[in-house]
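This report concerns only the one structure given below.
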Amino acid sequence: MIAPNSMDCGPTLHPARGRWRAILASLALTTLAVIFMNPVDGGWRQVFFVAFYAATYTISIGGLSWLILPRVGRYSRRLKAIPNWTMRISSMIPIAIAGSLVAVAVLATLGFFPWSLYWMRFWSDLRFVIVITIVTGVVMSTYEGMRYQLQYEATQARLSSLESRLQPHFLFNTLNSISALIPENPAAAERMTERLAALLRFSLDSTDRPTVSLGQELKIATDYLEIEKTRFGPRLNYSIDISPDLLRAEVPPFSLQTLVENSVKYGGGEIRVTARNGKGRLVLNVWDSGNGFRKDAAIPSGHGLDNLRSRLAVLWGSGATLEFHREDSGTSVRISMPAGASK
């Protein structure tokens with residue numbers, strides 16, 4: 001087996017890190033507000049009091065924000081700008097109120113003031129807390145939205161770059177097959193041209209999509225195999241064993257086609273294509289009767305499999321793998337990725 005090479009997969013989103021930044025920013029703003037309401041003139045003892053007071057509010061409100069705001073954001077970002085921000089801000093107000101109720105209760109329990117002053121403290125602090133929560137939420141939502149957009153665009157650019165390297169490679173190989181067949185069998189060359197046209201249409205349709213259904217990908221891989229079988233005749237045989245239940249699973253465009261192209265080019269004359277779904281993972285496997293890569297060999301940069309592995313890493317990071325296995329007197333190239341259904 002050849003383990004996938006470690007590589008730079010481009011930017012990755014870290015929503016938890018962004019939430020921590022939001023909490024720290026909220027802590028700083030809350031501390032300034034508490035100092036404004038309670039000027040520090042009692043030495044280090046009061047400084048500690050102010051910091052703990054602010055931290056209690058921040059943890060109470062920040063904890064609720066951690067749980068609620070990401071869920072609100074997943075829904076609200078589908079809306080237009082005004083409804084989006086209306087929903088976000090509207091959700092911040094009850095979070096501020098609920099967090100304040102908890103924070104004042106904690107402070108009263110710890111003896112910062114008697115319980116008899118609970119509601120007085122709650123109402124006196126509430127207006128400042130709501131303003132701080134909304135300001136912090138708006139600033140951090142704007143920042144995270146911009147960061148997400150930049151990372152998304154960078155990831156899309158990397159995917160497009162990798163696909164642009166993959167598709168000409170495939171096109172040139174297919175055109176060579178057609179040109180070799182034209183003198184011998186024009187009718188077969190015409191059928192190959194029709195299949196190539198279908199492949200090119202699929203290529204154009206999938207340029208703005210990071211994944212396609214396995215059913216679409218299987219058709220492309222089958223068209224490619226038929227093109228090559230027309231060229232090689234009885235020297236090339238293939239079989240496909242994929243359950244119809246898996247055809248809606250999502251895979252990168254030209255992923256299965258890349259595996260079968262590799263087997264046709266470097267493998268033997270027998271190819272078997274299978275797909276399995278287990279424990280939430282989709283496993284695509286292409287076996288051929290050839291010797292394949294050596295166990296310790298590295299895939300050359302720019303090779304179709306190297307590009308495919310890069311695309312898998314962009315989409316799923318370490319959650320997707322591309323591996324080689326020697327089995328049944330042949331070689332298997334196997335992709336394992338999170339299973340999912342196309343929308």
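Readers should treat all values here as calculations from the given coordinates under stated rules, not as data from a laboratory. Predicted, not measured: the structure shown is a model, and the values here were computed from it. Backbone-built Cβ (ideal geometry, glycine too); neighbour counts: all protein chains shown.
Among Ile68, Ile82, the order by Cβ neighbours within 10 angstrom, fewest to most, reads Ile82, Ile68.
Taking one quarter of the surface of the convex hull spanned by the alpha-carbon atoms of region 182-338 gives a direction-averaged projected area of 9.9 nm².
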